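**Student:** Here it is, the structure in full.
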Amino acid sequence: MNKPDALPGIRATLVQLRSFEAVARLGAVGKAAAHLHLAQPTVSMQLRELAANTGLQLFEPAGRGLRLTEEGALLRDTVCELFAVWQRFEDELANRRGLKSGLLRLAAVTTTEYFLPELLGPFAQAHPGIDIQLAVENRDAVVRRLRDGGAELAVMMMPPTDVPLLRRPLLENPLVLVAPRSHPLAGRKSIALARLAKEPRLAREEGSGTRLATDQFLSSRGIVWEPRMALGSNEALKHAVAAGLGLAVLSRHTLGAEHPGLIELKAVGFPIRRQWFVVWHKERRLSRAAEALLAAWP
Ligand code: PGA
């Protein structure tokens with residue numbers, strides 16, 4: 001095993017190597033000195049010391065400037081590698097420090113609350129210094145946050161088209177038609193959409209993406225089925241359906257085992273196949289924490 005005093009004999013200082021690299025790159029001591037904000041005699045002295053310490057002739061005159069000798073070129077390549085390794089170290093350090101503290105502002109539509117905390121878990125554990133603020137709201141409110149910078153990243157099903165955004169698909173979001181378990185249509189196959197109009201429809205509030213996606217689906221099929229009652233949360237909607245007040249369209253992710261009173265109906269075109277995206281503003285620079293979260297997500 002090497003003892004500390006048996007380290008490889010680097011007979012040069014980092015300062016000398018930095019001056020040497022600048023002269024090699026710029027071809028003249030004067031230019032290198034200006035580039036490094038040093039006096040020209042200082043750079044000349046560092047080159048002389050480096051040559052003496054290494055026993056190498058590094059440059060030879062070429063016109064009014066200097067040219068690297070063969071050994072000088074070898075040293076230049078070695079120094080470039082050394083500096084690249086050092087740069088990687090500095091980048092890594094900045095990265096780690098950047099993720100040591102800070103605030104990550106997220107917004108997500110209400111339907112994602114059933115899985116998003118789990119998706120955030122590993123990131124939160126890996127970066128305990130980062131505070132995470134997660135606003136859970138309906139689609140309209142999430143769009144407002146994206147527009148005014150209140151959230152860096154948002155998770156939603158239907159990104160708006162009037163805000164310049166970048167997006168990445170995150171997860172499937174099948175929208176299903178639910179009824180109370182005892183409903184006469186339960187267990188029937190291929191229920192015609194026109195038949196649904198005879199049933200009272202319960203829906204999320206205006207501004208909800210689930211509501212918007214359902215309305216768009218129905219109108220694309222030429223079906224008029226207006227909601228009889230609007231409820232402001234997925235949970236309220238599930239309870240209202242289970243209580244027999246009507247049928248509703250919900251994200252399948254909102255239905256847990258804890259609602260044995262509900263059943264999915266097999267209506268034509270259901271489930272409505274949609275997906276969630278993670279989106280961010282195209283013209284705003286993401287924080288390091290937001291970039292790290294994006295890199296960590298599938
Ligand atoms: P929301 O969510 O109904 O809570 O607005 C819709 C979505 O998944 O984008």
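**Student:** Enumerate the amide H contacts of Asn173 below 5 Å, restricted to partners 5 or more residues apart or on another chain; note that Pro and chain-start residues carry no placed amide H.
**Tutor:** Arg274, Gln275, Trp276
**Student:** With a 1.4 Å probe and every protein chain left in place, work out the accessible area per residue of the chain in Å², rounded to a whole number. Display every interim value, and only then the final one.
**Tutor:** On the way: 16660 Å² over 298 residues.
Here the per-residue accessible area is 56 Å².
**Student:** Give, as ranges by residue number, the residues of segment 188-214 whose backbone N falls under 12 Å from the point 7 Å along Cα→Cβ of Ala243.
**Tutor:** The answer is none.
**Student:** Report, for the chain, the % of DSSP beta bridges that are antiparallel, rounded to 5. Let's see the in-between values first.
**Tutor:** Numbers: 25 of 43 bridges.
Rounded to the nearest five, the antiparallel share is 60 percent.
**Student:** Sticking with this structure for a sec: Do any trypsin sites (Lys or Arg not before Pro) in segment 157-194 lie in a loop, going by DSSP, with at most 16 other beta-carbon atoms within 10 Å of their beta carbon, and if so which? Kindly include the intermediate steps, with their values, before the conclusion.
**Tutor:** Working: sites: Arg167, Arg181, Arg188, Lys189; in loops: Arg181, Arg188, Lys189.
Answer in residue order: Arg181, Arg188, Lys189.
**Student:** Within segment 236-298, list the trypsin sites (Lys or Arg not before Pro) lying in a DSSP loop whose Cβ has at most 12 other Cβ atoms in a 10 Å radius.
**Tutor:** Values: sites: Lys238, Arg252, Lys266, Arg273, Arg274, Lys282, Arg284, Arg285, Arg288; in loops: Lys266, Lys282, Arg284, Arg285.
Taking segment 236-298 and a limit of 12 other Cβ atoms within 10 Å, the loop trypsin sites (Lys or Arg not before Pro) found are Lys282, Arg284, Arg285.
**Student:** Which whole number of Å³ per residue matches the convex hull of the alpha-carbon atoms in the chain? Walk me through the numbers before you get to the answer.
**Tutor:** Values: hull volume 70.5 nm³, N = 298.
It is 237 Å³ per residue.
**Student:** Nearest 10 degrees, 0 to 90: what angle lies between the long axis of helix 40-54 and the longest principal axis of the chain (Cα atoms)?
**Tutor:** Its long axis makes an angle of about 80 degrees.
**Student:** Once segment 14-92 is represented by equal point scatterers at the alpha-carbon sites, with solvent omitted, what log10 I(q)/I(0) does the Debye formula produce at q = 0.13, 0.22, 0.24 Å⁻¹?
**Tutor:** -0.38, -1.02, -1.17
**Student:** Here is a follow-up. In the chain, carbon and sulfur make up what percent of the accessible area (probe 1.4 Å)?
**Tutor:** Working: 9040 of 16660 Å².
Ligands and nucleic acids excluded, carbon and sulfur reach 54 percent.
**Student:** Starting at the first residue of segment 196-210, write each ³J(HN,Hα) from the Karplus equation 6.51 cos²θ - 1.76 cosθ + 1.60 with θ = phi - 60°, in whole Hz, x for Gly and Pro.
**Tutor:** 5, 4, 7, 9, x, 9, 9, 9, 5, 5, 4, x, 7, x, 4
**Student:** Could you give each residue of segment 159-173 its phi-based ³J(HN,Hα) in whole Hz, using Karplus coefficients 6.51, -1.76, 1.60 with θ = phi - 60°, and x for Gly or Pro?
**Tutor:** These are the phi-based 3J(HN,Hα) values: x, x, 9, 9, 10, x, 10, 10, 8, 9, x, 10, 7, 5, 9 Hz.
**Student:** Apply the Karplus curve 6.51 cos²θ - 1.76 cosθ + 1.60, θ = phi - 60°, to the phi angles in segment 66-73 and return the couplings in whole Hz, x for Gly and Pro.
**Tutor:** With coefficients 6.51, -1.76 and 1.60, one gets 10, 10, 5, 6, 4, 5, x, 5 Hz.
**Student:** A follow-up question, please. What is the set of long-range amide H partners of Leu262 at a cut-off below 5 Å, with H atoms built 1.01 Å from backbone N?
**Tutor:** For Leu262, whose amide H was placed from the backbone, the distant partners under 5 Å are Arg181.
**Student:** While we're on this one: Given H placed 1.01 Å from N in the peptide plane, which residues other than close sequence neighbours of Ala135 have an amide H under 5 Å from its amide H?
**Tutor:** Leu106, Ala107, Ala108
The values are calculated or read from the model by the stated rules, or taken from the named source; none is laboratory data. Keep in mind that this is a model prediction, so the values were computed, not measured. Don't worry about glycine lacking a Cβ; one is built from the backbone with ideal geometry, like all the others, and counts go over all protein chains shown. Keep in mind that these areas ignore ligands, DNA and RNA; they rest on the heavy atoms of the full protein, side chains included. Shrake-Rupley method; radii C 1.70, N 1.55, O 1.52, S 1.80 Å.
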